[in-house]
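What follows is a short report on a single structure.
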Amino acid sequence: MLRMTPNRGKRPPSDRALRIAVRVAVGVLVLGSVAFGTTYYFGQRTDGGPTLVQRQVSAAEQQVRAKPNNLSARLALAQAYQAAKRPGDAVSQYDEILKAVPDSRAALLGKASVLLGKDDLSGASALYRKVTGMSVKGEFAGADPQLQEAHYFLALIDSKQGKAQEAITEAQASLKIEPTDSDAWYVLGSAQILAGQAQQGVISLRRALMFVPTGWCDPYVELGKAFQKLNKPEEVEYAGAMVDFCQKRTGQAQQRLQKLVSGPAAVDAELGLGTIAETGGRTDEAISWYRKAITADPTNPTAIQTLSRLGIAPTTPAGQAAGAAGSSVTGS
Amino acid sequence: MAIEEIFTEPAVEQPEPQPEGRRRRIVVLSVAITLIALLVALTTWYLRTGKPLSQLPGLGQNGQPPHYLFSVYGVNKPLGVAVSPDGDRIYVSESTGDRVVKVFDRTGAAKGTLKPPADSGTNHAPVYIAVNPRTQDVYVSDRTTAAIYVYGRDGAYRRTFRPKGDLGAQWAPLGVAFDSYGRLYVTDVRSTGAHRLLVLTPDGALERSVGESAGLTFPNGVAVDSRGVVSVADSNNSRVLMFDRDGKPGGRLVSESGDTALGIPRGVAVDDSNRLYVVDLANHAVRIYKIADAVTGTPQYMASFGTEGTGDGAFEYPNGVAADSRARLYITDRENNRLQVWSY
C-alpha cells in the first residue's frame, strides 16, 4: 500500500490520455452508429402509398359521387368495399342497388357473400335461395355460373347447419353446372359422410382430390373419417399419412405410406408416394409410383389423369415407352 | 482472529485499483476501435453498394426470398421492365393505353415517357427493355413494328437499332439484353424460320445465331450473367435454356411441380449476386435460382415468391423482371396494372 500512495493524487499522463482516448472512441462509435443508422434508414425507406384495394375504393367512390344512379358504379363500389374488408359499407351499397332493382343477382350474391363472411348463415341462405328460385328455370340454367355459385354456397351453409340431405341436393345441383368444381365435390363428400353415405362420400372426396391433390388437407381429413366408418384401417392410415404430407411432415408421410404398399391400400399409397415425389421435383420417381398404381388398378382415374398430365400414356407397355419419350421432350 | 486483524488484513490484500482500471480502459478502447473499424467497413460497403444489410457478404446467399417493398401505379398492363444499374431510372413498357415506355425514379415518381419517332407510325407495342451498361442508352423492342428503338438516358429518341444486312427485314425482336461488352442479345420470334437468339455487336453486325436447333418456341426474356452465360426463357416450352458465350447449350431449367413448376416463363434477370430470376406468368410467381459454378451447370433452385391476387406482393400475370445493384427487384404485374418493387 505504501508504495502506491505517492501516485494517488497524481495520475501518469499516459493514463489520462488513455481515459480521453476511451471517451473519444466511444463518442465516435456512438455518433458513427447514429449517422449510419440515419443514412441507412433514409436510404432504404420506402413510401408505398395506398394499396391497390384502397385505390380501387377511391376510384369507385369517385364514380358513385359523379353518377349516384349508375348501378354498375355502385356495384363496383360494393365489391371494392368487400375487397377492402368493409362489410358494413358493402352491404349498404348492395342494399342501394336492391332498392332500385330487387332482383339484381349480382347484388344478391354479393350481399349474401358478405353475410356469409359475417357468419349470418340464415341471412345468406335466404338471399342464395332467392337467386336459385329466380334462376333455376332460366334458359341457360344448365350453364349459369351465378346459379352454380348460389347452389354451392347453399350446400356449404346447409352442411354447416347439419342439414346433410339438403346439402347433398344443392352440391349435386352445383356440380351439374360445373362438374370440375373441387370445392363442390368436397362439400358433397362431407355431406354424404354426414348423411351416413360413407362409400359415396369417399367417391366424391376422391373426385375433389383428383383436381387438387396437394396443399389441401380437409378432403384427406374427411376421407379418414369415411374410411373409419367403413372400418378400413389401412385406408385410414393412408388418409392420415396424406394429412401429414399436407401439413409438411413429408418424411413421416412417406414412412407411413411405404408400410402400406403391399396391403389393401396399396394403390392409394402408391399414388400418395407418387404425389410426394412429384411435389419434390422427382418426376421419374413419381412416374414409377404412378405406373405401379395403374398396373394394380388399370382403371384408376387418378392414376390415368396424373400420368396423362405428365405426358405418359398409361395403358400398354408400348404406350408407356412412347410416354417416356414424350416426357424426355419436356425435360423430365 | 483478533478484531484488529479482521479490519486491517483485507485492506492490505485489496488489489490496486489503478492498474485494474487501466486494463479495463485498454480493453474498452480496443473493443471501441474494433467496432469503429467494423462500422467504417460497413459504412463504406453500404455507400458503395446501397444494398440492405441482409445482403452483407456471407449473409445474403441463404436462399431467403426477397420481401415486398412497394408498388408503382399508373402503368397500363405493363410487360417489360429495365432499370439503370444504380436503380435511379426505372423503365416500364405498357401494352395498352398509350403503349409507351414510362420512366420512374427510384421512389416511383414519374419522370417521363419514351416515345418512338413520329415517322414510325402510331401502332406500337413496346415489350422488353434493356439498358446498355456502357452508354446508359435504353433499347426497347417493339412487337408491331419489328424494331428496336434506342433512347438516351434523358428520354430523347436517338435512333432505331437495325441489324446489318438483310436480317432486319426478317426478324421479329422480342427479348433484349446486354452483356458487359455492350453486345446485344435479342430473342427473335420471326414468323418464317425457327425461333432463335441473336447476338449482335454494338454496331448491329450479327455475331452469332443461337438455339435454332433447340426448338425454341416463342422465347421471351433473355439475361446475361457475369460469365457471359445467356439464359433464355423458352416460354411456350415451359423451360429456360442456357448457352455459353460461344453459343453452346449449357444448363436448362425445366418445369417440375410445386414450387419448381415453370408454367410460362417470361422475363428473366440476373443480379450481381449471381441469382437468376424467372417470372412464371402462369403460376403468378417469380422463381429464384443460384447460378451454377460451372459454365455448363444447371442453376440450383433457391426460392419462389408471389401468389395470385391483388394484394400487396400478389401478382396477376406478372411478365417482366429487372434487378439493380442495390438488391432490388422490379416485376411488372400486368393485370394489376402496376410495377412491384421487392428487396432483400
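May I ask you to evaluate 6.51 cos²θ - 1.76 cosθ + 1.60, the Karplus curve with θ = phi - 60°, for each residue of the stretch A:152-157 and list the ³J(HN,Hα) values in order in whole Hz, giving x for glycine and proline?
4, 5, 5, 4, 4, 5
In the protein assembly as shown, if the dipole is taken from +1 on Lys/Arg beta carbons and -1 on Asp/Glu beta carbons about the Cα centre, which of B:Val278, B:Trp45, A:Gly162 is farthest to the positive end?
B:Trp45
How big is the dipole moment of the stretch A:48-191 about its Cα centre under a simple scheme where the beta carbon of each Lys and Arg is +1, that of each Asp and Glu is -1, and everything else is neutral? Debye, nearest 20, please.
Values: 16 positive and 16 negative charges, 97 e Å.
For this selection, approximately 460 debye.
Kindly state, to the nearest 0.05, the FRET efficiency for A:Gln252 paired with B:Ser54, given R0 = 41 Å and r defined as their beta-carbon distance. Each step should come with its number before you reach the end.
Numbers: r = 33 Å, r/R0 = 0.79.
About 0.80, to the nearest 0.05.
Taking amide H positions as placed in the peptide plane 1.01 Å from N, state which residues far from B:Ala285 in sequence (5 or more) or on other chains have amide H under 5 Å from it.
Hits under the 5 Å cutoff: B:Asp280.
For each of A:Ile304, A:Ile193, count neighbouring Cβ atoms within 10 Å of the residue's Cβ, then give the residues from fewest to most. The partial results should precede the final answer.
Values: A:Ile304 20, A:Ile193 24.
Least crowded to most crowded, the residues run A:Ile304, A:Ile193.
Can you order the peptides B:311-321, B:260-270 by their average number of other Cβ atoms within 10 Å per residue, highest first? List each step's numbers first, then the result.
Numbers: B:311-321: 21.0, B:260-270: 22.5.
Highest mean packing first, the order is B:260-270, B:311-321.
Need one value for A:53-64: mean number of C-beta atoms belonging to other chains within 10 Å of its residues' C-beta atoms. Spell out each step's value before the answer.
Values: counts 3, 0, 4, 1, 0, 0, 0, 0, 0, 0, 0, 0.
Counting other chains' Cβ atoms within 10 Å and averaging over A:53-64 gives 1.
So how do A:210-217, A:234-241 stack up, highest first, on mean other-Cβ count within 10 Å?
Working: A:210-217: 14.9, A:234-241: 22.1.
So the peptides A:210-217, A:234-241, ranked by packing, come out A:234-241, A:210-217.
Enter the mean number of other protein chain beta carbons within 10 Å of the beta carbon of each residue in A:17-24, as an integer.
On the way: counts 0, 6, 4, 0, 6, 10, 4, 2.
The shielding value for this peptide is 4.
Just checking the output field for B:19-26: average partner chain Cβ neighbours within 10 Å of each residue's Cβ?
Mean number of neighbouring Cβ atoms from other chains: 3.
Using the Cα centre of chain B as the reference point, and only Cβ charges (+1 on K/R, -1 on D/E), how large is the resulting charge dipole? Debye, rounded to the nearest 20. Mind dumping the intermediate values first?
Values: 37 positive and 37 negative charges, 264 e Å.
So the dipole magnitude of chain B works out to roughly 1260 debye.
Could you tell me which residue out of B:Ala169, A:Gly88, A:Gln228 lies farthest along the dipole of the protein assembly as shown toward its positive end? Charges go on the beta carbon: Lys and Arg +1, Asp and Glu -1, centred on the Cα centre.
Value computed over the given set: B:Ala169.
Run the Debye formula on the Cα coordinates of the stretch B:161-313, all scatterers equal and no solvent, and tell me log10 I(q)/I(0) at q = 0.10, 0.17, 0.19 1/Å.
Calculated log10 I(q)/I(0) at the listed q: -0.33, -0.92, -1.11.
What are the residues whose amide H is under 5 Å from the amide H of B:Gly175, where those residues sit 5 or more places off or on another chain and H is modelled from the backbone?
B:Thr187
Starting from the Cα of B:Ser180, step 7 Å toward the Cβ, then list every residue of the stretch B:266-304 with an amide N under 15 Å from that point.
B:270-275, by backbone N distance to the label point.
Evaluate the stretch A:186-300: find the radius of gyration of its Cα atoms, find its Kirkwood radius, and give the ratio Rg to Rh.
Values: Rg = 13.3 Å, Rh = 13.9 Å.
So for the stretch A:186-300, dividing Rg by the Kirkwood Rh gives 0.95.
Based on the Cβ-Cβ distance from A:Gln228 to B:Ala303, what FRET efficiency comes out when R0 is 22 Å, to the nearest 0.05?
Working: r = 39 Å, r/R0 = 1.76.
It comes out at approximately 0.05.
Taking just the C-alpha trace of the stretch A:26-106, give me its Rg and Dmax in Å.
22.7, 75
A:Lys259: which lysines have alpha carbons under 17 Å from its alpha carbon, excluding same-chain residues fewer than 8 sequence positions away?
Within reach: A:Lys232, A:Lys292.
Can you put A:Ile20, A:Ile287 in order, fewest other beta carbons within 10 Å first? Before the final figure, lay out the partial values.
Numbers: A:Ile20 10, A:Ile287 24.
Arranged by neighbour count, lowest to highest, A:Ile20, A:Ile287 become A:Ile20, A:Ile287.
Relative contact order for the stretch A:149-226: what percent, with Cα pairs under 8 Å and sequence separation of 6 or more?
Across the stretch A:149-226, relative contact order equals 25 percent.
Let me check I've understood the local charge: for B:Met302, count other residues with C-beta under 11 angstrom from its C-beta, Lys and Arg +1, Asp and Glu -1. What total comes out?
Working: positive: B:Arg275, B:Arg287, B:Lys290; negative: B:Asp259.
Around B:Met302, the surrounding residues sum to +2.
When A:Glu139, A:Glu149 are ordered from fewest to most other Cβ atoms inside 10 Å of their Cβ, what list results? Let's see the in-between values first.
Values: A:Glu139 7, A:Glu149 21.
So the ranking, lowest neighbour count to highest, is A:Glu139, A:Glu149.
Radius of gyration and Dmax for the stretch A:237-317's Cα atoms, expressed in Å?
11.9, 36
How high is the relative contact order of chain A, given as a whole-number percent (alpha carbon pairs under 8 Å, six or more residues apart)?
Details: 371 pairs, mean separation 18.9, N = 332.
Relative contact order for chain A comes out at 6 percent.
Lysines within cross-link reach of A:Lys176: Cα-Cα under 28 Å, excluding same-chain residues under 8 positions apart?
Straight-distance partners of A:Lys176: A:Lys111, A:Lys130, A:Lys137, A:Lys160, A:Lys163, A:Lys225, A:Lys229.
Give the long-range amide H neighbours of B:Tyr344: residues separated by 5 or more places, or on another chain, with amide H under 5 Å away, using H modelled in the peptide plane at 1.01 Å from N.
Residues meeting the criterion, in which the H sits 1.01 Å from N, are B:His67.
So how do B:49-58, B:75-84 stack up, highest first, on mean other-Cβ count within 10 Å? Let's see the in-between values first.
Working: B:49-58: 15.7, B:75-84: 24.3.
The peptides rank, most packed first, as B:75-84, B:49-58.
Excluding residues on the same chain fewer than 8 positions from B:Lys111, give the lysines whose Cα lies under 23 Å from its Cα.
Reachable lysines: B:Lys77, B:Lys102.
Specify which residue in the list A:Tyr41, A:Val202, A:Ala66 is farthest towards the positive end of the charge dipole of the protein assembly as shown, using unit charges on the beta carbon of Lys, Arg (+1) and Asp, Glu (-1), about the Cα centre.
Working it through, the farthest residue towards the positive pole turns out to be A:Tyr41.
Given charges of +1 on the Cβ of Lys and Arg and -1 on the Cβ of Asp and Glu, with all other atoms neutral, how large is the dipole of chain A about its Cα centre, in debye to the nearest 20? The partial results should precede the final answer.
Values: 37 positive and 30 negative charges, 486 e Å.
For chain A, the charge dipole is close to 2340 debye.
Give me D for the protein assembly as shown in µm² s⁻¹, whole number, from Stokes-Einstein with Rh from the Kirkwood sum over alpha-carbon pairs, 4 °C and 1.567 mPa s. Can you show the working numbers first?
Numbers: Rh = 30.1 Å.
Stokes-Einstein gives a translational diffusion coefficient of 43 µm²/s.
Over the stretch B:114-181, calculate the relative contact order: mean separation of alpha carbon pairs under 8 Å at least 6 apart, over the residue count, as a percent. Don't skip to the answer; put the middle values down first.
Working: 121 pairs, mean separation 22.0, N = 68.
Averaging sequence separation for qualifying contacts and normalising by length gives 32 percent for the stretch B:114-181.
Every number in this text was worked out from the coordinates using simple rules, so none of it is lab data. These numbers come from a predicted model, not from an experiment. Using ideal geometry, Cβ is built from the backbone for each residue, glycine included, and neighbour counts are taken over all protein chains shown.
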